[in-house]
Amino acid sequence: MKVLIRGAGVAGLTLAHELATRGADVTVVDKRSEIAGNASWQAGGMLAPWCERESAEEAVLTLGRGAADWWDAALTGHVCRRGTLVLAPARDARELDRFGRRTSGFSQLDACEIAALEPALAGRFGRGLYYAGEAHLDPRKALLALRDKLLGIGVRIDFGRCAASGYADVEVDCTGIADRRSELRGVRGEMLILHTGEISLARPVRLLHPRIPVYVVPRSENLFMVGATMIECDAAGPITARSIMELLGAAYALHPAFGEAELVQTGVGVRPAFADNLPRVERDGTNIRINGLYRHGFLLAPAMAGQAADMIFGNPAAKEFALEAHR
């Protein structure tokens, strides 16, 4: 079976992997000249279904639970399984209580237990929540490694062009916000990458604030991704001064060492979202769409890819679930 996938973001590449490993003849095309620059490239890479349940529907937890296993199987060595630490300044302790009431899968930590997990944060927070079952990866390294693996197993990936319709048995649109359907909206996310050798973190840390919640995700070579804003617009221009100040201020509240960090890079991505903020796999004859992954790209792309692959290979039960799970 020949399948054409439009879009080489996380949705398109995970689907290509799912289809190729089931025996399909897969081609991926993307109008960009390279992977870098799409919304997936700017992601945090947190595989955190229990934490995301704080502001998402139960379907995000249900569909996201298997994400870390999928990525670990597809790209061995890329997934870091050290959980997620959720903290709040003393003045915002109510936010920590609220977060806990809306989620599950965590243990309560006191100051000593926080220090044992993250020595750099010793003495800074009196209590926190620890989601031991969560994981994270570096999305840029993961996308590049997945691209290379796909090429190695015979998937064709063509950047800088849009293939004509008609030669494939099935075509799948994974173009995200570029799919300009009226029911899709853009949610702008801005992030920073900081460099400092003055602090070390082993896992993503979420710092709660009633107005500016932030997460800090450690990456290799003393780099830290700080994100991300949630702005209801589809403008893809440069990051705003206000967002830089807010993100830096939140990082500084986590640890003052971030005040002396080098601002290595800023980034902006526009996340595609439906009104309910849940993704959809939709079929119209031989055309399929995967879209609306919102802020859950790396978390939900494996489940969406599995559902789409089941549709393509004729699993009627999976097709029904794909349609019913998000109503």
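I'd like to check one number: the per residue accessible area of segment 58-188, probe 1.4 Å, reported in Å² as a whole number. Could you put the intermediate results ahead of the total?
Details: 6240 Å² over 131 residues.
On a per-residue basis, segment 58-188 sits at 48 Å².
In segment 211-284, what GluC sites (Glu not before Pro) fall in a loop by DSSP, with at most 13 other Cβ atoms inside 10 Å?
221, 232
Step through the residues of segment 37-50 one at a time and calculate ³J(HN,Hα) from phi using the Karplus curve (6.51 cos²θ - 1.76 cosθ + 1.60, θ = phi - 60°), rounding each to whole Hz and writing x for Gly and Pro.
These are the phi-based 3J(HN,Hα) values: x, 7, 4, 4, 5, 8, 6, x, x, 7, 9, 10, x, 6 Hz.
If you stretched the chain out fully between residue 257 and residue 221, how much longer would it get, using 0.36 nm times the residue separation minus the C-alpha to C-alpha distance?
Gain on extension, residue 257 to residue 221, equals 11.4 nm.
Please report the accessible area of residue 10 (heavy atoms, 1.4 Å probe, ligands and nucleic acids excluded) in Å², nearest 10.
10 Å²
Given 0.36 nm per residue, what is the gain on full extension from residue 179 to residue 25 after removing their alpha carbon distance, in nm?
Stretched fully, the residue 179-residue 25 segment lengthens by 53.0 nm.
Rg to Rh for segment 140-243: what is it, with Cα atoms only and Rh by Kirkwood?
The Rg/Rh ratio comes out at 1.06.
Separation between the residue 62 and residue 112 pseudo-spin-labels, each 7 Å from Cα along Cα→Cβ, expressed in nm?
It works out to 4.2 nm between the two label points.
To the nearest 20 Debye, how big is the dipole of the chain about its Cα centre, given +1 on the beta carbon of each Lys and Arg and -1 on that of each Asp and Glu?
220 debye
Based on DSSP, what percent of beta bridges with both residues in the chain are antiparallel, to the nearest 5?
DSSP beta bridges in the chain are roughly 70 percent antiparallel.
What percent does the relative contact order of segment 73-163 come to when contacts are Cα pairs within less than 8 Å and at least six residues apart?
Numbers: 100 pairs, mean separation 33.5, N = 91.
It comes to 37 percent, rounded to a whole number.
Got a sec? Charge dipole of the chain, +1 on Cβ for Lys and Arg, -1 for Asp and Glu; which of 261, 15, 85 is way out at the positive end?
Farthest towards the positive pole: 261.
Hey, any idea what % of the chain's accessible area is carbon plus sulfur with a 1.4 Å probe?
Looking at the chain in its full context, I get 50 percent from C and S.
Hey, what's the Kirkwood Rh for the chain if you take every pair of different alpha carbons, in angstrom?
Kirkwood radius, the chain: 20.3 Å.
Can you give the Rg/Rh ratio of segment 193-253, where Rg is from the C-alpha atoms and Rh is the Kirkwood radius?
Working: Rg = 12.3 Å, Rh = 12.5 Å.
With Rh from the inverse mean 1/r over Cα pairs, Rg/Rh is 0.98.
The values are calculated or read from the model by the stated rules, or taken from the named source; none is laboratory data. The structure displayed is predicted, hence computed values, not measured ones. So basically every Cβ, Gly included, is an ideal-geometry build from the backbone, and we count neighbours across all protein chains shown. Just the protein is used for accessible areas: all its heavy atoms, side chains included, with ligands, DNA and RNA removed. Shrake-Rupley method; radii C 1.70, N 1.55, O 1.52, S 1.80 Å.
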